[in-house]
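So the structure is just underneath, and the comments pick up after that.
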Amino acid sequence: MANKGTSGFRDFLSNVSVRFFDEWKIKSAVFGLIFIFGLLSYTTFLPREGFPPIQFPLTLVNGVYFVDDAEAVDRDVVQPALAAIEDVEGITETFSNTGPNNFTFFAFFDEDVDAEAANTEVQSRLADANVPDGVEFDAISLNPAAYLNEYDLLLSVGYVPNQTGSEVNVDIEEIQDKAAIVAEEFKQDERIANAEVVELVQQAPDPATGEIVSRQTGFNFFGTSPSPGSSDVIFYKAVTVGINKTDSIDILELNDVVKELSERLERDDRLRTDSLNTGYYFDISIGADFGSSIATQINSLQSNLFSGILAVSLISWLLITWRASLITAVFMLGVMLVTMIVLLAVGYTLNTITLFALVLSLGLFVDDATIVIEAIVAARAKGRKPREAIKEAVSKVAPASFAGSLTTILVFLPLTFISGILGEFIRLMPVTVIISLTVSLLLSLTLIPLLSRFGLKNMQTKPNAKTRMFDSIAQAFAGLPLLLKTRPRIGKHVAVGMVLLSFVFVMGTGYFAQKVEFNIFPASDDSDQLNINYEFAQGTSLQQAELIAERANTVITEEVGENMVRALYGGFSPSNERGADIVVELVPFTDREVTSFELIEVLEESLQQEIGQAAEVTISQIDNGPPVEDLPFKVQIIGEDPANTVPLAQDIQDFLTDRTIERANGTTSTITETDLSGVRGVARTNGDRYVEVSAGFEDSDVSALVTAAQTAVEEEFTDSRLAEYGDQITLGFDFGQESDSAESFAALGVVFPVAILAILVLLAIQFRSILQPLLIILAIPFSIFGVFLGLYVTDNSLSFFSAIGMIGLIGIAVNNTILLTDYANQEKQAGKGRVEAISSALQQRFRPLLATTITTIVALLPLALNDPFWEPLAYTIIFGLASSTILVILSFPYYYIMSETASAFAKRGYNRLRKK
């Protein structure tokens, strides 16, 4: 990096830093005001929410048509409705599912279509659809961050028995009338945007007479525990009221508002009962809300954030000085506060994604602080005065620090261009990381020099015992390359050994990579919520389904009671004669002795014994990421005549049942469960009728297994085999969420090489060399061994989030080799040979390199240990950085020597050719 441009850049940056050191009074006042506003942004101005809302280009349509005939509902309602919307602009595909008296269909749109505008157009077309009189369509945009696709919170309204097991003699229609009073009262509050009853009794025309009749179309139970850890769980019939907040409050404040209004309403004479005479009392409870889980997530991430800052400060004290640790702590808090201001300015919220990005950034922007502070401390140790120390330090490290920060920013930048729903979901993370890194770079050149005026002014310049110890360790490692000069024979053996060590690490990558499962979105190790789903046997009436659910409630109480907070039917879909879903909120996993998986195992066995003949039971944990399906493999048998498609579907199901399939790497797994759906009703995809076979596996590497299962089905059921079942039968392989996840993961395969290319271009410009950028990115293969080793020993899969961790790791690891190479280049410019230059660079950079690595690991360790959702990403960076650091210290100096030797040889050859 020896050129006038670089020298001028160094002077510019050092002059900026010195100016903040000199003009400390006015600059301190400015920073004080900024930090106060940042603190207000964090505590007051930034709204809080869980995962940010996502615009899904998807419309969900529901409705009822009481004819007790799925074929008639499909013929008279669904097909005309699909025909009415088929030419809506931007529509890409449709899916429909029809029952004897109801229907549901989905309309998907291009990613760039506005979801609300598309939904409005669909509603307009459906209003003119050629369907029987009285049929109404309920069309809504899908919102996964809302209950029943539209509500921020669900209230559960009902009459609770005074004793467990006692009967409540109240008709469900009466409860619904009381719920309507509750909804109307809630609407009167200015903080509530909407409150409406989720009706279990609906008014609809009788197809035979045309008269409007009341008919119960669903049922609902709410289970509550008087206190966490109590086994006295009570389930009672309830009606749900959906609540939406206004923009004047955030999702956490909504919880408090609802509790306040509920307590007031429970004293309303229109709702109160004489509990002594009736045996029950009226209750309004929060049935499901995002507030409690969001509060847990935010508190956990905030705890990790401040634990990381504290840990980083402690490491700075151990490896540098106590004054340095104070400066580091103030710097990191400053970066956080300024980042809050920027997030507020761009319209972001304080949510799970932005908070996690800040936790991740701890391990990234601590680099900037450590590099600059350590350089200042080193200059002071040489006897430089504070102002001279700052100028010398910034001039020495700032260009390389600038390149390192810019490299990391370039690594994360391509993540902002990942398309699809998942791309929109995670986009806040790279944007927040980029913002915090930019702020960090600026503050490292301004705030740290300002703080150094106070923190390092009276610093002891003579090395203490701790400094001498680290200097001795650094000298020992730096002395290894010098053996090539002082003891050439031993030095050559050491050089070969260190290069071979790097080859062992790289080859070991392949060994552990084969042992790590591939699963784009694996389930977390634990969760605080379960989803229980019942699919009732064909012919089950609504009353029978309700009785089956009551029996199941008893099992849930017995098996989960003391670990349960509450349980709500119909949180995500209505409960009726076809099926029911229950969201069970558990005691936080930090306060439980059993995991969610252990509870699932016990529940599945008990429910199977109790209601297994009457309903198919599926239980899964609810994670922060996409839902994990029990039967992720799906093959659609497409054809209009069920007489042809159903036999084929049954044969495919028989073929898959208990089958052993082979993965791409040669290992095998067994299919443990299969299911055939679409037979009871009518299912369509893009207007074409289909039945579907689903399958689940004994192993958890779903992404690899669904591909292997598809290959097995395609090889067995060829086109000629399909023709035996009838004309115009085709197979489709839409794995639902797994297919969407695969597309997003494939996008990372494009992002990764783009990130590498961006780094190479930047480094080529910065170092004015082609060879040295290639040398610098050796940090990447150096780190991959640790990535796969870490995933293997922590029992994590290669997943979407571990891949994001690898991308973030690139920026951190490469930063180390950038600084080491830059220091060596500076030593060469000072007249040293290549061996002496890299040895000197390693000795000077050893302590900051070690400090950066340890502080990054310590900053991410609380996240890895305390949050199962983010664990794979954190461990990816921790183990990858440890692996890279080891090889950068031991092996990288020899690669530098070899590259400089090759470069010198090439220059001599070029000069000889020129002379000729």
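The values are calculated or read from the model by the stated rules, or taken from the named source; none is laboratory data. Small disclaimer: the values here were computed from a predicted structure and weren't measured. All Cβ positions, glycine included, derive from the backbone under ideal geometry; neighbour counts span all protein chains shown. What goes into the accessible areas is simple: the full protein's heavy atoms, side chains included, and nothing from ligands, DNA or RNA. Shrake-Rupley method; radii C 1.70, N 1.55, O 1.52, S 1.80 Å.
Results for (1) more than 21 Å from THR224 (Cα to Cα); (2) open to solvent by 10 Å² or more (accessible area, probe 1.4 Å), shown as yes or no for each residue.
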site	(1), (2)
GLU593	no, yes
GLU601	yes, yes
GLN609	yes, yes
ALA615	yes, no
ILE619	no, no
Check: With respect to LEU850, is the statement that it is hydrophobic (A, V, I, L, M, F, W, C), over 26 Å from PRO753 (Cα atoms) and touching a residue at least 40 places away in the same chain (Cβ under 8 Å) true?
Finding: yes
Note to self: Where the second residue is part of a strand (DSSP E or B) and of a type in the set (Gly, Ala, Ser) and the first is under 14 Å from ILE284 (Cβ atoms) and modelled with pLDDT under 85 and lies in the range 183-212, which pairs have Cβ atoms under 8 Å and are six or more apart or on separate chains?
What the structure shows: none
Item checked: Top-ranked residue of the range 516-572 - restricted to ones that are without any contact (Cβ under 8 Å) to a residue 60 or more places away in the chain and part of a loop (DSSP other than H, G, I, E, B), ranked as most open to solvent (accessible area, probe 1.4 Å) -> GLY539
Next item on the list: Could you check, for the range 370-386, whether at least one of its residues is open to solvent by 10 Å² or more (accessible area, probe 1.4 Å), in the same structural domain as VAL439 (by the TED database) and free of Cβ contacts under 8 Å to residues at least 12 places away in the same chain?
Entry: yes
Next item on the list: Tally the residues that are outside any helix (DSSP H, G or I) and not aromatic (Phe, Trp, Tyr), restricting the search to the range 329-362.
Entry: 5
Notebook entry, point to check: Is it the case that the range 408-422 has a residue that's surrounded by 24 or more Cβ atoms within 10 Å (Cβ to Cβ) and either in contact with a strand residue (DSSP E or B) (Cβ under 9 Å, 6 or more places away or on another chain) or more than 30 Å from THR352 (Cβ to Cβ) (or both)?
Noted result: no
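Do we find that ILE490 is assigned by the TED database to the domain that holds ILE26 and either closer than 30 Å to PRO872 by Cα or at pLDDT 90 or above (or both) in this structure? If you could, list the steps in order and put the result at the bottom.
Details: assigned by the TED database to the domain that holds ILE26: no; either closer than 30 Å to PRO872 by Cα or at pLDDT 90 or above (or both): yes.
Here the answer is no, as ILE490 does not meet what is asked.
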Notebook entry, point to check: Can you tell me which residue in the range 665-718 is modelled with the lowest pLDDT, limited to those that are under 22 Å from ASN796 (Cα atoms), open to solvent by less than 30 Å² (accessible area, probe 1.4 Å) and hydroxyl-bearing (Ser, Thr, Tyr)?
Noted result: SER703
Checklist line | Considering residues of the range 484-515 that are of a type in the set (Val, Ile, Thr) and open to solvent by less than 40 Å² (accessible area, probe 1.4 Å) only, the residue farthest from SER573 (Cα to Cα) | finding: VAL494
Notebook entry, point to check: How many residues, within the range 653-664, are surrounded by 15 or more Cβ atoms within 10 Å (Cβ to Cβ) and touching a Ser or Thr at 6+ places or on another chain (Cβ under 9 Å)?
Noted result: 5
Check: Can you name the number of the only condition in (1) in a helix (DSSP H, G or I); (2) not assigned by the TED database to the domain that holds ASN220 that ASP658 fails?
Finding: (1)
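Any residue at all in the range 83-100 that's among the hydroxyl-bearing types (Ser, Thr, Tyr) and in contact with a Pro (Cβ under 9 Å, 6 or more places away or on another chain)? Step through it out loud before you land on a result.
We begin by selecting, within the range 83-100, every residue among the hydroxyl-bearing types (Ser, Thr, Tyr); these are 92, 94, 96, 98.
Going one step further and asking which of them are in contact with a Pro (Cβ under 9 Å, 6 or more places away or on another chain), we end up with 92.
Yes: one or more hits.
Residues checked against (1) surrounded by fewer than 19 Cβ atoms within 10 Å (Cβ to Cβ); (2) at pLDDT below 80:
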site	(1), (2)
THR853	no, no
LEU861	yes, no
TYR875	no, no
PHE879	no, no
TYR895	no, no
MET898	yes, no
LYS916	yes, yes
Note to self: List the residue pairs whose Cβ atoms are under 6 Å apart, where the first residue sits in the range 38-50 and is surrounded by 15 or more Cβ atoms within 10 Å (Cβ to Cβ), the second is in a strand (DSSP E or B), and the two are 6 or more positions apart or on different chains.
What the structure shows: LEU46/LEU350; ARG48/LEU350
Next item on the list: Take GLN609 and decide whether it is outside any helix (DSSP H, G or I) and out of contact with any strand residue (DSSP E or B) (no Cβ under 7 Å at 6 or more places or on another chain).
Entry: no
Notebook entry, point to check: So which pairs qualify, if the first residue must be in the range 477-502 and in a helix (DSSP H, G or I), the second must be among the acidic types (Asp, Glu), the Cβ gap must be under 8 Å, and the two must be at least 6 apart or on different chains?
Noted result: LEU482/GLU836; LYS485/GLU836
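Just to confirm my filter: which strands (runs of 3 or more DSSP E) fall fully inside the range 59-156 and include at least 2 residues that are more than 30 Å from GLU49 (Cα to Cα) and touching a residue at least 12 places away in the same chain (Cβ under 8 Å)?
Passing ranges, in order: 91-98, 102-109.
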Notebook entry, point to check: Residues in the range 726-767 that are open to solvent by 40 Å² or more (accessible area, probe 1.4 Å), modelled with pLDDT of 85 or more and touching a Gly at 6+ places or on another chain (Cβ under 8 Å): how many?
Noted result: 2
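Here is a list: THR707, THR674. Which entry is of a type in the set (Val, Ile, Thr), under 32 Å from the mean Cα position of the chain (by Cα) and in a strand (DSSP E or B)? Even if it seems obvious, please write down each step before you answer.
On the way: THR707 fails: in a strand (DSSP E or B).
Among THR707, THR674, only THR674 is of a type in the set (Val, Ile, Thr), under 32 Å from the mean Cα position of the chain (by Cα) and in a strand (DSSP E or B).
Only one of these is under 34 Å from the mean Cα position of the chain (by Cα) and free of Cβ contacts under 8 Å to residues at least 24 places away in the same chain: LEU865, LEU881. Name it.
On the way: LEU881 fails: free of Cβ contacts under 8 Å to residues at least 24 places away in the same chain.
When all the criteria are applied, what remains is LEU865.
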Next item on the list: With the checklist (1) out of contact with any Pro (no Cβ under 7 Å at 6 or more places or on another chain); (2) at pLDDT 90 or above in hand, flag the one item VAL131 doesn't pass.
Entry: (1)
Next item on the list: Considering (1) open to solvent by 10 Å² or more (accessible area, probe 1.4 Å); (2) touching a helix residue (DSSP H, G or I) at 6+ places or on another chain (Cβ under 6 Å); (3) not assigned by the TED database to the domain that holds TYR281, say which one ASP114 fails and leave the rest.
Entry: (2)
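Residue by residue, here is whether (1) aliphatic (A, V, I, L, M); (2) surrounded by fewer than 24 Cβ atoms within 10 Å (Cβ to Cβ); (3) on the phi < 0 side of the Ramachandran plot; (4) not in a loop (DSSP other than H, G, I, E, B) holds:
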residue: TYR792; (1), (2), (3), (4): no, yes, yes, yes
residue: ASP795; (1), (2), (3), (4): no, yes, no, no
residue: ASP822; (1), (2), (3), (4): no, no, yes, yes
residue: GLU827; (1), (2), (3), (4): no, yes, yes, yes
residue: SER839; (1), (2), (3), (4): no, no, yes, yes
